[in-house]
Amino acid sequence: MTKPQDIAATLETIKHGGRGLYGLVNNAGIGSEATVAEMKPEEFDLMMAVNMTAPYRLSQTFEPLIVEAKGRITNISSISGILASPTLSAYVMSKHAIEGFTDSLARELAPLGATANVVEPGNYNTDIIKHEIERGVAPPGTSPDLSNFKPPDEVADAVEKALFEPNPKRRYLVVPNQHGAEITIKKQIEQLVQLNEGQPYTYDRDALIRMLDEALSTARPRTK
């Protein structure tokens with residue numbers, strides 16, 4: 001997915017299959033823990049290539065088939081696409097990019113009858129740290145054992161909904177516990193306050209609440 005020739009070959013394989021293409025899930029991703037000062041340039045470049053550039057190129061390549069099928073492109077982001085960490089800056093950067101990319105892509109596809117959305121998982125049991133260790137970029141003593149986290153079945157369920165729900169959401173937040181949801185939502189509220197404060201067009205509390213009520217009027221009810 002980081003090699004244009006392989007992406008092109010995949011496109012030809014799908015075309016020759018004669019079945020079209022309804023869905024694309026940009027799921028692959030890597031991460032590594034390091035401060036900005038400590039991040040190796042080659043690791044940064046690889047993370048951007050896998051997490052950010054590849055979803056863009058894949059979406060660009062397969063978009064005509066997706067549009068023809070009135071299909072969907074689902075990007076896998078992370079709650080790190082909303083939050084931030086002092087030792088995950090490159091990973092956070094790549095996931096913030098996926099958030100913005102999804103919003104722009106969705107607006108491009110909507111008039112063409114296709115859809116783009118994003119799944120934002122919290123901490124689940126995956127091999128992301130195992131691969132970080134294999135690349136030799138994990139901090140000393142890092143363990144690949146994430147067995148204390150839940151298996152990512154809930155993420156798979158969210159992807160299925162993103163692809164096949166009659167009226168899909170733009171964003172699917174998928175977290176294993178209340179804490180993950182709380183810190184993510186609070187971060188969005190903090191950003192709202194920061195955007196609103198100390199500028200010529202600041203809204204007062206009543207105006208902000210009216211905006212929130214208007215947005216909530218179309219929100220879906222809480223799930224079990």
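Does Ile183 qualify as being over 20 Å from Ile76 (Cβ atoms), out of contact with any helix residue (DSSP H, G or I) (no Cβ under 7 Å at 6 or more places or on another chain) and part of a helix (DSSP H, G or I)?
Working: over 20 Å from Ile76 (Cβ atoms): no; out of contact with any helix residue (DSSP H, G or I) (no Cβ under 7 Å at 6 or more places or on another chain): yes; part of a helix (DSSP H, G or I): yes.
Judged against the criteria, Ile183 is not a match.
Do we find that Val137 is buried (at least 22 other Cβ atoms within 10 Å of the Cβ) and touching an Asp or Glu at 6+ places or on another chain (Cβ under 7 Å) in this structure? Talk me through it step by step, then tell me what you get.
Values: buried (at least 22 other Cβ atoms within 10 Å of the Cβ): no; touching an Asp or Glu at 6+ places or on another chain (Cβ under 7 Å): yes.
The answer is no for Val137.
Residue-by-condition table, conditions (1) part of a loop (DSSP other than H, G, I, E, B); (2) in contact with a helix residue (DSSP H, G or I) (Cβ under 6 Å, 6 or more places away or on another chain); (3) exposed (fewer than 10 other Cβ atoms within 10 Å of the Cβ):
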site: Gly141; (1), (2), (3): yes, no, yes
site: Ala158; (1), (2), (3): no, no, no
site: Lys161; (1), (2), (3): no, no, no
site: Lys187; (1), (2), (3): no, no, no
site: Gly198; (1), (2), (3): yes, no, yes
site: Tyr201; (1), (2), (3): yes, no, yes
site: Asp206; (1), (2), (3): no, no, yes
site: Asp213; (1), (2), (3): no, no, yes
site: Pro221; (1), (2), (3): yes, no, yes
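Restricting to region 193-224, give me the number of residues that are within 30 Å of Asn167 (Cα to Cα), under 25 Å from the mean Cα position of the chain (by Cα) and of a type in the set (Val, Ile, Thr).
The qualifying residues number 2.
Name the one entry in Asn117, Asn148, Asn125 that is buried (at least 19 other Cβ atoms within 10 Å of the Cβ), outside any helix (DSSP H, G or I) and in the same structural domain as Glu68 (by TED's automatic domain parsing). Write out each step before concluding.
Working: Asn148 fails: buried (at least 19 other Cβ atoms within 10 Å of the Cβ); Asn125 fails: buried (at least 19 other Cβ atoms within 10 Å of the Cβ).
Exactly one residue qualifies, and that residue is Asn117.
If we keep just the residues of region 128-137 that are of a type in the set (Val, Ile, Thr) and part of a helix (DSSP H, G or I), which is nearest to the chain's Cα centre (by Cα)?
Kept after step one, since they are of a type in the set (Val, Ile, Thr), are these residues of region 128-137: 128-129, 133, 137.
In the following step, the residues that additionally are part of a helix (DSSP H, G or I) were identified as 128-129, 133.
On the way: Ile128: 15, Ile129: 18, Ile133: 23 Å.
If we take residues in region 128-137 being of a type in the set (Val, Ile, Thr) and part of a helix (DSSP H, G or I), then Ile128 is nearest to the chain's Cα centre (by Cα).
Might you check whether a residue that is polar (S, T, N, Q) and closer than 23 Å to Thr74 by Cα occurs anywhere in region 191-212?
Keep residues of region 191-212 that are polar (S, T, N, Q), which gives 191, 194, 196, 199, 202.
Add one more test, that the residue is closer than 23 Å to Thr74 by Cα, and what stays is none.
So far as region 191-212 goes, no, none of its residues is polar (S, T, N, Q) and closer than 23 Å to Thr74 by Cα.
The values are calculated or read from the model by the stated rules, or taken from the named source; none is laboratory data. The structure presented is a predicted model; accordingly, all values stated were derived computationally and were not measured. A quick note on method: Cβ atoms are made from the backbone with ideal geometry, for glycine too, and the neighbour counts reach across all protein chains shown.
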